[in-house]
Structures are given as C-alpha cells and as structure tokens.
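Data block below; observations after.
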Amino acid sequence: MSPISSSLQIVTIVLAVVAAVATAFFWNRLRGPRPVRLFVRAAILVVGEAMAALAILVWLNISNGGLVVSWQDLLGNQSTRGGVFAGQHGDVTLNRGAAVAAPRLVSARSTAHQVFRPAEDGFTETTLTGAVSGITSQVYVWTPPQYAENPAEQFPVLELLHGVWGSPDGWMGPMNVVAHLEAAEQSGAVYPYILVVPELTPVPGHTTPRDNEECSNVPGDAMVDSWLTQDVRGMVIADFRAEPAAAGWGLMGYSTGGFCAAKLVLQHPDLYQAAVSLSGYYIPDSMELSDDPVLDHIDSPLWLVGHTRTPAVSLLMTASAQDRVDPASEAAQMISVAHANPLAQATEIQSFVAPLGGGHNQSAWEKMLPTAFTWLSQRLTGPTA
C-alpha cells in the first residue's frame with residue numbers, strides 16, 4: 001500500500017474505529033492493581049489518539065493531491081544528493097519546441113546599496129525596501145566560490161521563487177539548492193550562478209494559495225511583480241557583479257513559484273531569457289487574480305501562450321508523474337495551446353516528466369534540479385570578464 005492508496009485510507013479508518021471501540025469496551029473491565037490499570041488505560045488512550053491522528057493525516061494527504069506519494073518521500077529519501085537520480089542518465093529527452101535566441105538587452109542599474117548579514121547555507125540576507133513597488137521584505141543572495149576567485153568577472157543569475165504556503169528558507173535547507181548546483185557544476189555543463197531568493201509573499205496577510213498576489217501587480221493592493229522584477233533585480237545588479245543583460249538572468253520556481261517563473265519570463269523578456277517551472281501550474285489560482293477578468297488573462301501563462309504574440313524566451317515545465325496537485329497534463333496543455341497559436345512560435349516551450357516518485361513535494365522537486373540547471377545553462381550566458 002502506498003501513502004495515497006484507498007486501501008491505506010480504509011485500513012487507517014478501520015483501525016481508528018477499532019481503537020475507539022476497544023477503549024470503550026475495556027475501560028471498566030481491566031483487572032489488577034490500580035497502578036497497572038492506570039498505565040493500561042493511558043496506553044489505550046494513546047493508541048486510540050494515534051490511530052485517529054493517522055487516519056486524519058492519510059485523509060489530508062490524499063485529499064490534497066498526494067503531498068507524500070511514496071514511503072521514500074515520507075522517510076526523507078535524499079537519493080538526489082550528488083545531482084543525479086536513477087533514470088536520469090545521459091541526454092534527457094524533452095518535449096521540444098523551436099529554440100530562438102533572445103536579443104541581449106540591458107536593464108538599468110540601481111544606485112542603492114544594501115547591508116547584508118549571514119544567513120543559512122552560505123546565503124546572505126538583506127531587508128529591501130523597493131523604490132518601485134514600495135514593498136519592504138527579505139531577499140537572500142548566494143555567490144559561488146568562483147565569484148571571489150575571479151573578481152573581474154560578471155556572473156549569471158538565477159532568481160529562485162518558493163511555493164505558497166512557503167518561504168525563501170525552502171530553497172536553502174529543505175531543497176539544498178547550493179549542494180545540488182555545486183554537484184551539477186562538476187559535469188562541466190552547468191555555470192556557477194549567483195542565486196537570489198526573494199520573498200514571494202511580501203504582503204502581510206496575503207500568504208495563502210487563495211489570497212496571494214501570485215507575483216503580479218494588483219491595482220489597489222500590491223505591486224509584487226515590480227518588487228521581483230525591478231526592485232530585487234535592480235538591487236542585485238547594483239550590489240553584485242551580476243550580468244545585467246536578460247541573457248544572463250533565469251527564473252526557477254516550484255509550485256506557485258513555478259507559476260510565477262512561467263508568467264514572469266513571458267511578461268518580461270527584456271529582463272529574463274529562460275525559466276523553469278518545477279511542478280508549477282499555468283492558470284491563476286488566487287482570488288486576487290481569478291476574481292478580476294483582466295488580471296486572470298494577462299497574468300495567466302496559459303492565456304498568454306494561447307492568445308498573444310509571445311517573446312523569444314525559453315520555458316521548461318517539469319512535473320512528477322505522481323503529482324495530483326499540479327499534474328503533468330497541465331504542462332502538456334501549455335505546449336498544445338502554444339503550438340496552436342501561430343503568434344507563439346518564437347517562444348521555446350518544453351516539458352520534462354521526472355521518471356521517479358515524489359508527488360507535489362520537495363522530494364520530487366529536488367529530482368528535477370539536475371535537468372533544470374543543465375537546461376538553463378544551455379540557454380543563458382556564462383560568466384564574462
């Protein structure tokens with residue numbers, strides 16, 4: 001039985017009911033010294049509560065689409081350490097579109113400078129108040145060892161977007177993005193990147209899947225798009241030796257962050273050349289956008305590739321075959337819609353389904369990182385003197 005099987009759900013419900021009935025039946029029928037009876041009653045209560053909690057957890061896991069789909073997921077199997085997972089050997093087969101190179105466009109530099117403090121996993125942290133958005137929130141930055149070794153070079157940048165619910169910490173501790181990037185670099189096919197992890201839900205009280213801005217500018221609410229694409233990006237270019245051209249900037253996000261990565265690369269080809277969506281979705285999910293017919297269109301990757309002249313950027317959509325929250329069929333729909341729109345021919349859109357387990361969770365997203373880093377390095381510029 002897997003963690004998402006109906007048989008497991010039935011078994012846990014039966015065990016919870018049996019435990020409740022057994023508690024009622026044996027409570028006043030126990031014999032022996034008082035301390036022994038008290039101990040047995042306490043044990044019966046603990047077992048009953050555990051069975052009830054287990055049944056609830058299994059139900060929550062299944063009803064939420066299978067956040068944990070295998071026992072390896074539950075036990076925290078980190079077989080992706082070292083940047084390669086079983087089933088990913090040699091060339092990765094992708095569902096391919098046409099590749100078109102984007103022009104080398106340069107964005108303006110900011111003149112402000114931030115104060116950074118040490119953070120988790122070798123990152124540094126700052127509190128940024130955006131001059132464009134007016135948003136104040138956290139941004140985390142990591143520079144590769146080559147950054148200090150080659151002081152005359154500018155480096156490409158990956159802007160990493162977390163999920164909702166979630167926080168920037170997800171990329172550092174749980175996802176171990178630094179370890180995976182450094183392992184992937186050993187192949188010689190992956191660049192050393194500056195990693196930038198901004199807060200994706202910087203508006204207090206707007207931090208759930210149903211009420212966050214989904215990386216968009218929402219009139220009368222918050223300019224989260226401007227925060228991510230102008231304020232955060234401008235700060236990185238001003239304070240680090242970051243390649244300022246779009247050709248040196250990529251986006252990568254998981255879950256809601258994957259939606260944002262797909263959306264932002266289509267909307268800002270002058271700032272980003274390529275994006276990877278890890279188990280993302282492609283239609284707005286938050287009521288902040290879906291309740292407004294205009295925002296529901298202009299901030300929808302699916303609508304953009306189906307109804308507009310999309311730019312010469314690249315988008316890779318990865319998925320887990322076991323993901324019930326954002327299934328691989330959503331990426332297939334994006335490709336189908338893009339192929340049907342003659343105005344979307346300049347946009348390179350590909351998909352990759354991870355061959356091994358993991359549902360809508362960290363275990364699955366980690367398995368996608370080696371492919372993502374390699375794919376991005378094939379489309380972005382490397383360090384330049």
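The values are calculated or read from the model by the stated rules, or taken from the named source; none is laboratory data. The shown structure was predicted, so the numbers you read here are calculated from the model rather than taken from an experiment. Quick reminder, even Gly has a Cβ in these numbers, built from the backbone with ideal geometry, and neighbours come from all protein chains shown. Each accessible area value is taken on the protein alone, full model and side chains, heavy atoms only, with ligands, DNA and RNA left out. Shrake-Rupley method; radii C 1.70, N 1.55, O 1.52, S 1.80 Å.
Regarding region 256-270, can at least one residue be identified that is in a loop (DSSP other than H, G, I, E, B) and buried (at least 23 other Cβ atoms within 10 Å of the Cβ)?
no
Quick check on region 366-382: of everything there that is of a type in the set (Ser, Thr, Tyr) and open to solvent by 20 Å² or more (accessible area, probe 1.4 Å), which residue is nearest to Val337 (Cα to Cα)?
That would be Thr374.
Out of Ser363, Ser336, which single residue is without any contact (Cβ under 8 Å) to a residue 40 or more places away in the chain, out of contact with any Lys or Arg (no Cβ under 9 Å at 6 or more places or on another chain) and open to solvent by 10 Å² or more (accessible area, probe 1.4 Å)? Give the derivation first.
Values: Ser363 fails: without any contact (Cβ under 8 Å) to a residue 40 or more places away in the chain.
Result: Ser336 is the single residue among Ser363, Ser336 that is without any contact (Cβ under 8 Å) to a residue 40 or more places away in the chain, out of contact with any Lys or Arg (no Cβ under 9 Å at 6 or more places or on another chain) and open to solvent by 10 Å² or more (accessible area, probe 1.4 Å).
Yes or no: region 293-313 includes at least one residue that is out of contact with any helix residue (DSSP H, G or I) (no Cβ under 9 Å at 6 or more places or on another chain), open to solvent by less than 50 Å² (accessible area, probe 1.4 Å), at negative phi and not acidic (Asp, Glu).
yes
Is there a residue being hydroxyl-bearing (Ser, Thr, Tyr) and either open to solvent by less than 10 Å² (accessible area, probe 1.4 Å) or in contact (Cβ under 8 Å) with a residue 40 or more places away in the chain (or both) anywhere in region 154-175?
Scanning region 154-175 turns up no residue that is hydroxyl-bearing (Ser, Thr, Tyr) and either open to solvent by less than 10 Å² (accessible area, probe 1.4 Å) or in contact (Cβ under 8 Å) with a residue 40 or more places away in the chain (or both).
Go through region 341-385 residue by residue and tally those that are closer than 16 Å to Leu266 by Cβ and touching a helix residue (DSSP H, G or I) at 6+ places or on another chain (Cβ under 9 Å).
So the answer is 9.
Taking only region 232-254 into account, find how many residues are open to solvent by 10 Å² or more (accessible area, probe 1.4 Å) and in contact with a Pro (Cβ under 9 Å, 6 or more places away or on another chain).
Matching residues across region 232-254 total 2.
Looking at region 337-357, can you tell me whether even one residue there is modelled with pLDDT of 90 or more and in contact with a Phe, Trp or Tyr (Cβ under 7 Å, 6 or more places away or on another chain)?
no
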